Amino acid sequence: MDTPLDTISLLGLRVHARHGVFDFERENGQTFVIDVVVHLDVRPAAEDDELANTVHYGELAERVVAAVENDPVDLIETVAERVAGVALSWDAVQLVDVAVHKPDAPIGAVFDDVVVRITRGRPADRGVRAR
């Protein structure tokens with residue numbers, strides 16, 4: 001049986017951005033809340049006590065913010081895909097769960113949140129580097 005992967009979670013990252021299908025969403029912008037959970041094996045980092053063998057969550061946060069702030073798009077589904085691509089840019093990451101929350105979505109009803117959740121893995125042709 002395969003050993004389950006470990007996780008590093010970055011939850012509740014708030015980013016002001018200008019995504020949405022309506023002009024006022026792009027003009028005024030709004031807060032998006034991003035959750036990223038990366039799945040990886042942290043044992044190499046723990047054994048060597050070496051940051052290079054894991055995901056630097058501060059750098060992950062900076063890259064996610066940059067990916068969400070830039071280049072407005074219509075759909076938060078597109079934003080989620082961008083964030084997944086950022087997380088998968090680390091060789092150690094095998095799988096990523098992303099949630100993009102849009103708590104101020106322009107909906108004519110009382111609601112708590114709108115969330116798109118995706119899970120993406122490393123493409124089959126990109127295996128883990130041998131250690």
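Values quoted throughout were computed directly from the atomic coordinates according to the rules given, and no laboratory measurement underlies them. The shown structure was predicted, so the numbers you read here are calculated from the model rather than taken from an experiment. As a convention, Cβ positions derive from the backbone with ideal geometry for all residues, glycine included, and neighbour counts pool all protein chains shown.
Based solely on its DSSP helices, what 222 nm [θ] is calculated for the chain when runs of n ≥ 4 H residues each add -39,500 (n - 2.57) and the sum is averaged over all residues, nearest 500 deg cm²/dmol?
Per the formula, -8000 deg cm²/dmol.
If amide H atoms are built 1.01 Å from N in the plane of the peptide, which residues on other chains or at least 5 residues away come under 5 Å of the amide H of VAL42?
Counting only residues 5 or more places away or on other chains, the set is ASP6.
Rounded to whole Hz and in sequence order, give me ³J(HN,Hα) for the stretch 33-39 from the Karplus expression 6.51 cos²θ - 1.76 cosθ + 1.60, θ = phi - 60°, writing x for Gly and Pro.
10, 10, 10, 10, 10, 9, 10
Compute the normalised compactness of the stretch 58-124: alpha-carbon radius of gyration over 2.2 N^0.38 Å, N being the residue count.
1.22
Which of the listed residues, ALA52, GLN30, GLY121, is farthest toward the dipole's positive end in the chain, when Lys, Arg count +1 and Asp, Glu count -1 at the beta-carbon?
Of the options given, the answer is GLY121.
Would you please name the chymotrypsin sites (Phe, Trp or Tyr not before Pro) within the stretch 10-50 that are DSSP coil residues with at most 12 other C-beta atoms within 10 Å of their C-beta?
Filter output for the stretch 10-50: PHE22.
If one takes the longest principal axis of the Cα atoms in the chain, at what angle in degrees, from 0 to 90 and to the nearest 10, does the Cα axis of helix 57-69 lie?
Value to nearest ten degrees: 30.
Treating only the Cβ of Lys, Arg, Asp and Glu as charged (+1, +1, -1, -1), what charge dipole size does the stretch 65-115 show about its Cα centre? Round to the nearest 20 debye.
With only Lys, Arg, Asp and Glu charged at Cβ, the dipole is about 40 debye.
Using 1/(1 + (r/R0)^6) with R0 = 25 angstrom and r between the beta carbons of VAL115 and PHE22, what's the FRET efficiency to the nearest 0.05?
Approximately 0.85, to the nearest 0.05.
Hey, what did the chain get for relative contact order, percent, Cα under 8 Å, at least 6 apart?
Relative contact order of the chain: 25 percent.
What distance in nm separates the simple spin-label points at LEU11 and ARG43, each placed 7 Å from Cα in the Cβ direction?
Each label point lies 7 Å from its Cα, and together they span 2.6 nm.
Can you give the angle from 0 to 90° between the axis of helix 76-87 and the longest principal axis of the chain, with both taken from C-alpha atoms, to the nearest 10?
Helix 76-87 sits roughly 20 degrees off the main axis of the chain.
Using a cut-off of 15 Å between beta-carbons, work out the net charge of the residues near ILE107 (Lys and Arg +1, Asp and Glu -1, ILE107 not included).
-3
What do you get when you divide the Cα radius of gyration of the stretch 6-121 by 2.2 N^0.38 Å, with N the number of residues?
Here the answer is 1.14, to two decimals.
Label points 7 Å out from Cα along the Cβ direction at ARG122 and ALA66: separation in nm?
Going by the 7 Å Cα→Cβ label model, 2.2 nm.
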